[in-house]
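Participant: Pasting in a structure now, in structure tokens, and then I'll have a few things to ask.
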Amino acid sequence: SETLESKDCWTDEEMVPAPVKEDTKAEGVSQEVCNEWAHACLQHAQQTDESLSVVYRALETSSNRPSKQERSKWPPLARILSKQWDRLRLQNGILQSQWKNADGQSFSYPVVMPEKYRQGEFWKRHVDESGKHRTCAEMLRVMEGEVYWPGRGNDVYAWTKECQHCCESKSGKER
């Protein structure tokens with residue numbers, strides 16, 4: 001599974017591969033350059049994702065939700081996103097969804113994550129700084145303001161259950 005920080009990416013034939021890594025200072029690449037490449041990779045992934053691309057193009061062309069007839073031709077995930085139309089936005093070319101924060105007063109704008117990066121973004125966050133594996137509920141809290149996709153809760157639950165370390169730890173506690 002891919003994450004934006006761990007992959008070499010390019011957006012089209014005109015762009016050459018560039019490293020997008022967390023520790024770039026040692027290689028002489030500024031964090032700003034890496035952020036630009038990660039931004040370009042994410043933008044390209046959203047624009048080419050089967051479901052996100054139709055929503056992305058529709059938002060680019062109009063702030064009005066497309067007609068029911070037009071949306072009926074969209075992939076299922078795109079139709080689900082279209083029901084959240086008033087919460088979607090393109091910010092600096094990145095598709096985001098508006099969510100009310102736990103304080104009930106402020107909002108966050110998590111990135112609507114393309115299919116190809118979802119599982120990688122999960123695994124990147126599953127183990128915390130101390131090495132502890134996060135539970136499903138902890139994962140959802142961590143991801144809440146950063147990344148979103150319809151069905152995220154179900155995916156996080158399934159991936160948490162797939163973690164071999166978590167399964168071994170849980171089976172050891174049940175004995």
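Participant: Working carefully through the options Arg65, Arg89, Arg57, find the one that is in a helix (DSSP H, G or I) and more than 15 Å from Tyr117 (Cα to Cα).
Facilitator: Only one candidate qualifies: Arg57.
Participant: Moving on to the next point. How many of the residues in segment 72-86 are over 15 Å from Tyr109 (Cβ atoms), under 19 Å from the mean Cα position of the chain (by Cα) and assigned to a loop (DSSP other than H, G, I, E, B)?
Facilitator: 2
Participant: If you don't mind, another one. If only one of Val29, Val16, Val54, Val33 is at negative phi, of a type in the set (Val, Ile, Thr) and modelled with pLDDT of 95 or more, which one is it?
Facilitator: Going through Val29, Val16, Val54, Val33 in turn, just one is at negative phi, of a type in the set (Val, Ile, Thr) and modelled with pLDDT of 95 or more: Val54.
Participant: If I filter segment 156-165 down to residues being open to solvent by less than 50 Å² (accessible area, probe 1.4 Å) and at pLDDT 90 or above, which single residue comes out as nearest to Leu81 (Cα to Cα)?
Facilitator: Filtering first and then ranking leaves Val156.
Conditions (1) of a type outside the set (Lys, Arg); (2) within 29 Å of Ala40 (Cα to Cα); (3) open to solvent by 90 Å² or more (accessible area, probe 1.4 Å), marked per residue:
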site: Glu121; (1), (2), (3): yes, yes, no
site: Arg125; (1), (2), (3): no, yes, no
site: Ser130; (1), (2), (3): yes, no, yes
site: Gly153; (1), (2), (3): yes, yes, no
site: Cys167; (1), (2), (3): yes, no, no
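Participant: List the residue pairs whose Cβ atoms are under 6 Å apart, where the first residue sits in segment 72-97 and is open to solvent by 20 Å² or more (accessible area, probe 1.4 Å), the second is acidic (Asp, Glu) and outside any strand (DSSP E or B), and the two are 6 or more positions apart or on different chains.
Facilitator: Here the result reads Pro75/Glu50, each pair linking segment 72-97 to a residue that is acidic (Asp, Glu) and outside any strand (DSSP E or B).
Participant: Going by the structure shown, is Gln69 modelled with pLDDT of 95 or more, open to solvent by 30 Å² or more (accessible area, probe 1.4 Å), of a type outside the set (Asp, Glu) and more than 17 Å from the chain's Cα centre (by Cα)?
Facilitator: Taking the combined requirement at face value, the residue satisfies it.
Participant: Looking at segment 99-123, I want the residues that are closer than 16 Å to Leu81 by Cα and touching a residue at least 24 places away in the same chain (Cβ under 8 Å) and have a partner that is surrounded by fewer than 17 Cβ atoms within 10 Å (Cβ to Cβ) and among the hydrophobic types (A, V, I, L, M, F, W, C) with Cβ atoms under 7 Å, at least 6 apart or on another chain. Which pairs are those?
Facilitator: Listed by first residue and then by second, the contacts come to Trp99/Phe107; Pro110/Trp99; Val111/Ile94.
Participant: Among the residues of segment 98-118, what is the count of those that are surrounded by fewer than 17 Cβ atoms within 10 Å (Cβ to Cβ) and touching a helix residue (DSSP H, G or I) at 6+ places or on another chain (Cβ under 7 Å)?
Facilitator: 2
Participant: Only one of Glu138, Glu36, Glu146 is out of contact with any Gly (no Cβ under 9 Å at 6 or more places or on another chain), open to solvent by less than 70 Å² (accessible area, probe 1.4 Å) and among the charged types (D, E, K, R). Can you tell me which?
Facilitator: Of Glu138, Glu36, Glu146, the one residue that is out of contact with any Gly (no Cβ under 9 Å at 6 or more places or on another chain), open to solvent by less than 70 Å² (accessible area, probe 1.4 Å) and among the charged types (D, E, K, R) is Glu138.
The values are calculated or read from the model by the stated rules, or taken from the named source; none is laboratory data. Because the structure is predicted, anything quoted here is derived from the model rather than measured. A quick note on method: Cβ atoms are made from the backbone with ideal geometry, for glycine too, and the neighbour counts reach across all protein chains shown. SASA here: full protein model, heavy atoms, side chains in, ligands and nucleic acids out. Shrake-Rupley method; radii C 1.70, N 1.55, O 1.52, S 1.80 Å.
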